[in-house]
Each structure stands twice: as C-alpha cells, then as structure tokens.
Amino acid sequence: MTARTRVPVSAGLPDFPWDSLAGAKAKAESHPDGIVNLSVGTPVDPVDPLIREALASVSEVPGYPTTHGTPELRAAAVGALARRYGVTGLDPAAVLPALGTKEAIAWLPRLLGLGADDLVVIPEVAYPTYEVGALLAGARVLRADGTMRLGPESPSLIFINSPSNPTGKVLGIDHLRKVVDFARQRGAIVVSDECYLGLTWEAEAYSILDPRVCDGDHTGLLAVHSLSKTSNLASYRAGFITGDAALVAELLEVRKHAGMIMPFPVQAAMTAALNDDAHENEQRERYRARREVLLPAVRAAGFTVDNSEAGLYLWATREEACRDTVDWFADRGILVAPGDFYGPGSRRHVRIALTATDERIAAAAVRLAA
C-alpha cells in the first residue's frame, strides 16, 4: 500500500508578506540615525497603569478561565460599545473574547462551518487575514467593494472593514445599509472588522451594529473589536466578537471544544480598559498629533495621500510600482509596507503607519524634507 502524501496547510496559503521586506529593512537600518519603522501597526506607547494593575490583581488565580469570558468583561464590552459608538440592544451573552482579532478573523470562516461550496467576499484592498481565513476553510474568495460586483453570486460570508486597513477609508451609513440588506436577501453573514473604529480624523465611522445601520436587528451580523490600537494591548492579545447572539453561541461551542480560551488576567485587563475611556482618549490624541506631523511631510515629499481619513495609516502613492517606493523610503532610513501586501489592485501605493514614537515620527518628517 502506498502511503498518502501529506500536504502541509501552509502550502495552500500565500507567503507571509512581511518576510519579503527583509532587504528594505536592512537598508533602512543602515541609516546613520537608525531606522524609522513605519511598516507595521504595532503600539509603541506604554499600557496604562490602570490596565496593568487589573492584570496583576488576579495574577495569583490558578484555575481555568471560561471561554465565554467573565460576566464583568462581557458587560464592560456592551457598555463601551454603547458609550463610544452608539451600539444598543446588545446582550452581554452575545460577547465572546478572542485571542486577538487576527486569530478571530482567520478562524471565523472555518468555525462557522464554511467549506469548498462557499464563497467569502473580502474588500478589494484588504488586510491579508480575510483571504487567509477563507483559504483555511477551503472556501472560494472574491474581492468586491460593492454589491453590484457580486452579480448573481450568493456569498456565505462578507468581510467588511471600516475604517479600512490599509487605506483608512470610512464606509458611510448608506453603504453599510446596502451591505446588510444585500446579505439578508442572499442569506450571507456579514463580519465587520471594526478595530479602527475609535481612530477617526476626518470622517465619522459607524459600527455594523449601529441601529442607524441595522435598525437594531443584529441577525446575521458580527462585529470584531480589538484593544490593540487605542488601549495599546497588542501584546495582551485582547479582542472580542459580538453581534448575532445565535452566531456567537455557535462560535462559543466550537471554541470551548478547541480550547480557545483567553487567560484570566487578560480578561481582567480588558474589563478595566473597556470601563475606562480616559486612557483611550489620550492615546487617540497621541496618534492625532503624530498624524499632524507626518501627513504634511509625506505630501510635501511629492506623494498623494488617498483616503486616510481614519485609522493608523497613511495610504500614499506617487504613481510608481510600490516596491520602488519602498526602496525610496528605505534609502532615507524609513520602512513602509508595499501596497501589494493588500491585493492586486494596490500595487502603486504604500502604507505608512503612525505607530512610532514622537521622536521617530519627527525624524521621519525631517528625512522626508531633506
């Protein structure tokens, strides 16, 4: 009998994008004043003491935490969404902690039972993990920003992302309502990645669960939220999923079997962060100040900045191949992300992150002026 040849899961996935930046990174690191790394959206500011104290306060607890999260955490999430974004009508039982939203997004299609017969729609310019999630489930993938592009297709799941990573584009209420109406007509689930909802500069952003969008009916809708950005909790892996109570219950059952459990101290830290708006407001203003330094410097260097009305990035172009632009920045000791990370339609843009210290942002502005 011939042994079956095992096909690694990774064989069906694209190469990890950031691995391709090694050469540009080495060039940027050779700058006499050091690299300014604006290629990733990782926080650089300290975690607020209130959150760290909450983490430490339960660090002696030895028992297993619950997959569903503590009642206090789920209530805090409901309260934060209501205060910050006007989301009403959420049942705390419909909140599910996740080990960072990248993990949640990557596994959602599979955990919802999608497979080869299903179509997953992702934005035309998109965070790579939406496609990875579809591929892990064995589903088909279609890039489309509007329902007109879908024609007669009946997708099983539609990912949307507003404010967008990487473009910073914000979807208006009318657009979001059309997506919800279309999904309900075709029997699709809408998963809205709202990780940047708290970082708006020139436009108002809306949750898919906002009553102005869904008329208070969360059926078929899931919102994904992260505390990595405005609470600086990337290292904590702190996020949550909420929306349709039946879908959340389905995800909970699978995650319980799979051991996808958030550590208890992180649950306590999340609770503190969600109950406190002051630290979030302070962090937002830090990013606003950095944007006010970097945006004019990028424009003065000859770039057009498209969209970018929200989020942690500037979406910039000077109408050349994005890898040439990456090299141009690297020559100045600045590392940025090429647009081809985010799909075939964005090969003439680069993504420039605001997530660097004030000193590094200022250094980048000086280098761009030179």
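Sort out which residues of region 173-204 are among the small types (G, A, S) and open to solvent by 20 Å² or more (accessible area, probe 1.4 Å), and write them in order of number. Even if it seems obvious, please write down each step before you answer.
We begin by selecting, within region 173-204, every residue among the small types (G, A, S); these are 183, 187-188, 192, 198, 203.
Result: G187, A203.
Would you mention how many residues in region 319-328 are surrounded by fewer than 24 Cβ atoms within 10 Å (Cβ to Cβ) and within 21 Å of E29 (Cβ to Cβ)? Please lay out each step first, then the result.
Here is the first cut: in region 319-328, the residues surrounded by fewer than 24 Cβ atoms within 10 Å (Cβ to Cβ) are 319-325, 327-328.
Now narrow it down to the ones that are within 21 Å of E29 (Cβ to Cβ): 322-325, 327-328.
The number of residues fulfilling the criteria is 6.
Looking only at region 126-172, which residues are closer than 30 Å to I352 by Cβ, over 13 Å from the mean Cα position of the chain (by Cα) and open to solvent by less than 40 Å² (accessible area, probe 1.4 Å)?
Once the filter is applied, which keeps residues that are closer than 30 Å to I352 by Cβ, over 13 Å from the mean Cα position of the chain (by Cα) and open to solvent by less than 40 Å² (accessible area, probe 1.4 Å), region 126-172 yields V132, G133, A134, A144, G146, I158, V170, L171, G172.
Looking only at residues that are under 13 Å from P166 (Cα atoms) and more than 17 Å from the chain's Cα centre (by Cα) in region 329-347, which one is surrounded by the most Cβ atoms within 10 Å (Cβ to Cβ)? Working first, answer last.
Filtering region 329-347 down to residues under 13 Å from P166 (Cα atoms) leaves 336-343, 345-347.
Checking which are more than 17 Å from the chain's Cα centre (by Cα) leaves us with 336, 338, 340, 345-347.
On the way: V336: 29, P338: 24, D340: 19, G345: 15, S346: 22, R347: 16.
Across region 329-347, the extreme among qualifying residues is V336.
Counting only residues that are among the charged types (D, E, K, R), farther than 25 Å from A289 by Cβ and out of contact with any Cys (no Cβ under 9 Å at 6 or more places or on another chain), how many does region 329-367 have? Break it down into steps so the answer makes sense when it comes.
Within region 329-367, the subset among the charged types (D, E, K, R) is 331-332, 340, 347-348, 351, 358-360, 367.
Okay, now just the ones that are also farther than 25 Å from A289 by Cβ, so 331, 340, 347-348.
Within this subset, residues satisfying the condition of being out of contact with any Cys (no Cβ under 9 Å at 6 or more places or on another chain) are 331.
Residues that pass the stated criteria total 1.
State which residue is nearest to D331 (Cα to Cα) when the search covers only region 17-43 and only residues that are assigned to a loop (DSSP other than H, G, I, E, B) and of a type in the set (A, V, I, L, M, F, W, C).
Of all residues in region 17-43, those assigned to a loop (DSSP other than H, G, I, E, B) come to 30-35, 38-43.
Cutting the leftovers down to of a type in the set (A, V, I, L, M, F, W, C) gives us 35, 38, 40.
On the way: I35: 10, L38: 14, V40: 18 Å.
The selected residue is I35.
In the list A316, A353, A273, which residue meets the criterion of being under 17 Å from the mean Cα position of the chain (by Cα), of a type outside the set (F, W, Y) and open to solvent by less than 10 Å² (accessible area, probe 1.4 Å)? Reasoning before the result, please.
Details: A316 fails: under 17 Å from the mean Cα position of the chain (by Cα); A273 fails: under 17 Å from the mean Cα position of the chain (by Cα).
Going through A316, A353, A273 in turn, just one is under 17 Å from the mean Cα position of the chain (by Cα), of a type outside the set (F, W, Y) and open to solvent by less than 10 Å² (accessible area, probe 1.4 Å): A353.
Hey, among P14, P65, P46, which residue is assigned to a loop (DSSP other than H, G, I, E, B), within 26 Å of the chain's Cα centre (by Cα), exposed (fewer than 10 other Cβ atoms within 10 Å of the Cβ) and in contact (Cβ under 8 Å) with a residue 12 or more places away in the chain? So that I can check it myself, show each step before the final result.
On the way: P14 fails: exposed (fewer than 10 other Cβ atoms within 10 Å of the Cβ); P65 fails: exposed (fewer than 10 other Cβ atoms within 10 Å of the Cβ).
Among P14, P65, P46, only P46 is assigned to a loop (DSSP other than H, G, I, E, B), within 26 Å of the chain's Cα centre (by Cα), exposed (fewer than 10 other Cβ atoms within 10 Å of the Cβ) and in contact (Cβ under 8 Å) with a residue 12 or more places away in the chain.
Please find, within region 26-42, the residue that is nearest to the chain's Cα centre (by Cα) out of those that are crowded, with 16+ Cβ neighbours inside 10 Å and either more than 30 Å from D276 (Cβ to Cβ) or outside the structural domain of A337 (by the TED database) (or both).
Step by step, filter region 26-42, then rank; the result is S39.
The values are calculated or read from the model by the stated rules, or taken from the named source; none is laboratory data. The model shown is predicted, which means the values in this text are computed figures rather than measured ones. FYI the Cβ positions are ideal-geometry reconstructions off the backbone, even for glycines, and counts take in every protein chain you see. Surface areas here come from the heavy atoms of the whole protein model, side chains and all, with no ligands, DNA or RNA. Shrake-Rupley method; radii C 1.70, N 1.55, O 1.52, S 1.80 Å.
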